[in-house]
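All remarks here apply to the structure that follows.
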Amino acid sequence: MSKVKAIQRSVAMAESGLVEMPKPLEQLREDEVERKQCICRVMTHALRHLTGEFVGSGFEWLLPVIFSKTTDPLWPDPGASIEKRIEVEIYGETARATQSMIVHKMVACSLVQPRLFILSPNVRIEKKERASSGAHAYEFTQLDFEVRNATSREIRSLVEKVLSGLVSNVKSCLSEELIYLGRNDDLAVPPIPFRLYDRRELEHEYGRDWETQFARGICNPTWVTNIPREFYDFEDLEEGTWDNYDLLLPKYGEVLSGARREWEYSKLVRKMRRDNVRQENYEILLKLARERRLKPSAGGGIGIERLVSWVVGAKHIGETQLFPKIPGLVYDL
Ligand code: ASN
């Protein structure tokens, strides 16, 4: 599809009232530029608050990587819909664009920094249909963090404190922006602790599509635990339960996923075999586990654009990006 057609299609969808596709910057009307500016101020505030909180809690701030032989397989994950994985040959080796820095986090946390975070650009070429979910971008940023020897409960408490503080802060410092965005009245500071559900309860109540339906009905950020997914999340193989968690935002859905991690070699190998994950793509992780240099840890990743979408009441995640990366729509910038 030509670029002009793609933009026409996004505008047509917007007109049909389905989902408003964010336009490239040069096409914004004056009032839309003003709205973008407001969202940018909230973004700046959110980044300052989040990074300040993590640094203040003794975390080291690492810089991200884009190309590595190893990246997150994003498989098996019931929520994943990756159309294409970006692999390029450089210096005679196959390097992959970062889908998430989970493996880097586990290694860095084990060997060097017991508390770390990264503002990490993730490239996930989602299927085109995901454009209309309003929650997917093919490039986005996670605040990805990891803590050596932490429990899931400790991580969840940390996140609750940081997010509740963020909303309280935005409400007191950026009330003009929130009023302009029509979000001042209904954005409430979430009470701590957030409620916690087991995925099995929700599946029982809502069926396989529990996530969207459940997120529609909640009024505050809510945890869901015990979600079957990638090999690196801790699983009790006897019980068939997972020590992991997603944080869902009212109407907006998942904003964070995280877990206590696997660190034992035999278990990692067993799970990779079971899930058809290629061990040769995780050589260093497995080597460290075999040598018992991989340490227990727990962490998570906060999707920055999704978080800001919720704060500002965006209709599409691309509204929080100056250069929207909407599945199926590749703009010049
Ligand atoms: N950041 C996530 C985590 O820490 C992993 C992911 O994004 N797939 O578990």
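Results, tabulated for the structure shown:
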item: 5 angstrom amide H check on Val123, placed H, neighbours 5+ away; result: Thr98, Gln99
item: At 0.692 mPa s and 37 °C, Stokes diffusion of region 10-99 via Kirkwood alpha-carbon radius, µm² per second; result: 186
item: Projected-area mean, region 97-250, by convex hull of Cα positions, square nanometres; result: 11.3
item: Amide proton proximity set for Lys295, modelled H, under 5 Å, gap of 5+; result: Ser110
item: Distant-in-sequence amide H partners of Ala135 (H built 1.01 Å from N, under 5 Å); result: Ile317
item: Unit charges on C-beta of K, R, D, E only; dipole of the chain, Debye; result: 560
item: Debye-sum result for region 188-241 in log10 I(q)/I(0), which assumes one identical scatterer on each alpha carbon, at q = 0.29 Å⁻¹; result: -1.17
item: Cα convex hull of region 236-299 - mean projected area over all directions, nm²; result: 5.6
item: Proximal lysines relative to Lys325, as straight alpha-carbon distance under 23 Å, when same-chain residues fewer than 8 apart are discounted; result: Lys3, Lys5, Lys23, Lys36, Lys84, Lys127, Lys128, Lys251, Lys315
item: Karplus-derived 3J(HN,Hα), 6.51/-1.76/1.60, for each residue of region 85-93, Hz, glycine and proline x; result: 9, 8, 10, 10, 8, 9, 6, x, 10
item: Computed over region 30-320: relative contact order in percent, which uses C-alpha pairs under 8 Å that are six or more apart; result: 22
item: Listed residue (Leu25, Trp75, Ile326) projecting farthest to the positive dipole end of the chain, Cβ model; result: Trp75
item: Scaled radius of gyration (Cα, divided by 2.2 N^0.38 Å) that region 85-140 gives; result: 1.43
item: Dimensionless Rg/Rh of region 170-315 - Kirkwood Rh, Rg from C-alpha atoms; result: 1.07
item: Those aspartates and glutamates that a straight Cα-Cα span of less than 13 Å connects to Lys69, excepting residues fewer than 8 apart in one chain; result: Glu87, Glu89, Glu93, Glu280, Glu283
item: Net charge over other residues, Cβ less than 10 angstrom from the Cβ of Ser57 (K, R count +1; D, E count -1); result: +1
item: Globularity ratio of region 30-320, using Cα Rg and 2.2 N^0.38 Å; result: 0.99
item: Under the span-like rule (Cα at least 15 Å along the axis, Kyte-Doolittle mean at least 0.5), DSSP H helices of the chain; result: none
item: Centre separation in Å (Cα based) which lies between region 139-173 and region 54-89; result: 18
item: Summed residue charge, Cβ within 10 Å of Cys38's Cβ, Lys/Arg positive, Asp/Glu negative; result: +1
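Each reported figure results from applying straightforward, stated rules to the coordinates on display, with no laboratory input. These numbers were taken from a predicted model, which means no experiment stands behind them. Using ideal geometry, Cβ is built from the backbone for each residue, glycine included, and neighbour counts are taken over all protein chains shown.
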